[in-house]
Structure formats: structure tokens, C-alpha cells
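Some notes on the structure that comes next.
The values are calculated or read from the model by the stated rules, or taken from the named source; none is laboratory data. Keep in mind that this is a model prediction, so the values were computed, not measured. Note that each Cβ is placed from the backbone with ideal geometry, even for glycine, and that neighbours are counted across all protein chains shown.
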Amino acid sequence: MWTLRGGAIAAVLSCLSFPGLAQDAITWSAAGGWSVVVDPALGNGCSAYMAYDTGAVLRIGLNRLANQGYITIASKAWPSMVAGQEYDLRLIFGSAPPWDASGTAVNLDGATTLWLSFIDVDVILDFMQEPSVQLWYNDRMLDQLSLTGSFAAFSEVMRCQGAMDANSAPAAVGAGPFEPPPG
């Protein structure tokens, strides 16, 4: 557990960032039943998302532009959410301690979506390790979403982010094209 935690913390901290809204995400792969995408508007940040039968959509990812992670949540059952307003939520990942967060409602692909930013790696670890997440607003549970396959999904997000970061790394400084070959 500690090895997973230490390795995940190091990997995630090297990848984190924040919002530039994800309307043109590019499919990377699927893992654990989740879709994994790359979002050019977030500095090629990678994320995983799941659409549920209830009409809810949960997405968790890395925004390479602001060194933060993010969760977006949308639901057809929340028609009263207003874009531009802030909402205080409590997320409870399985048996982990509750996470209280303030999110902003944004218009994402025509749907009002709650955007929650974070820098605490424990949010990702809880997402990966717990079986479900409860969403609370004003002491009322809004929804409980399964996180089945989330470990595989976020492992794939980290693999995706590693590839995106490698593709955007500056070229190595070498001898240059006009230097004589070694040897």
C-alpha cells in the first residue's frame, strides 16, 4: 500500500493541472469500463470518465495548465444548477474521510456541469481504491456512483499523461547536426 501510495503521489504530482473546458477531448483508450481521453484545451491533460444509467457523468483528470487535478460531475437530475454559480459539495469515497469542495457550475458541451479543482493527491487515491462515491449537497445525498474499474482507469490516465508529457518535452540538447559524429 505504501509503495502504491508513494509511487502514485510522485506520478500524479508530476502531472497535475486545471480547467480549460474539455469540449474537444480526443479518445485515448478505455480501461476498467471507463473512457480515457486527452484534452487539448487543458494542455493535453488526460482524464477518465464514466456515463451512468442514471444520467450522471463523472470525469476525473489532470489539467496541465494550472497544476491541479479536477473532477467534473453532471446529472440530468440537477436542472436547477446555474452556470457561473459556486456550489459546496461533500464527496465521500467509500470509507475514506469526506472531501469538502467548492465547485463552479460551467457549461460543458451544452450541459451544466460542476467543476471541482484539487491539488490533494488523496482524492485520486480514494477514487482509485474505493468502490463508490457519494455526492452530497446541503446535507442531502444527490447520488451514489460506482467506481468499479477506477484503479485501472486512473492507471491508464497516468500512462496517457506520461505519453503526452513525453511528446511535449523539448528536444534534448545534443551535439547538433553540424558536429562530427562520435568515435
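Taken together, the criteria exclude Tyr49 from residues that are out of contact with any helix residue (DSSP H, G or I) (no Cβ under 8 Å at 6 or more places or on another chain), farther than 24 Å from Cys160 by Cα, among the hydroxyl-bearing types (Ser, Thr, Tyr) and part of a strand (DSSP E or B).
Restricting attention to the stretch 68-107, the residues being surrounded by 15 or more Cβ atoms within 10 Å (Cβ to Cβ) and outside any strand (DSSP E or B) number 3. Against the conditions (1) touching a helix residue (DSSP H, G or I) at 6+ places or on another chain (Cβ under 9 Å); (2) within 19 Å of Leu147 (Cβ to Cβ), Leu114 satisfies every one except (1). Selection of the stretch 119-146 for residues being out of contact with any Phe, Trp or Tyr (no Cβ under 7 Å at 6 or more places or on another chain), among the hydrophobic types (A, V, I, L, M, F, W, C) and in a helix (DSSP H, G or I) yields Val121, Leu125. Of all positions in the stretch 161-178, none carries a residue that is surrounded by fewer than 19 Cβ atoms within 10 Å (Cβ to Cβ), in contact with a Gly (Cβ under 9 Å, 6 or more places away or on another chain) and free of Cβ contacts under 8 Å to residues at least 60 places away in the same chain. Among the residues of the stretch 84-118, write down those that are farther than 16 Å from Ser47 by Cβ, out of contact with any Asp or Glu (no Cβ under 7 Å at 6 or more places or on another chain) and of a type in the set (Val, Ile, Thr). Ile92, Thr112, listed by residue number. Scanning the stretch 4-23 turns up no residue that is modelled with pLDDT of 75 or more, outside any strand (DSSP E or B) and surrounded by fewer than 17 Cβ atoms within 10 Å (Cβ to Cβ). Screening Gln161 on (1) of a type outside the set (A, V, I, L, M, F, W, C); (2) assigned to a helix (DSSP H, G or I); (3) closer than 21 Å to Ala51 by Cβ shows it passes everything except condition (3).
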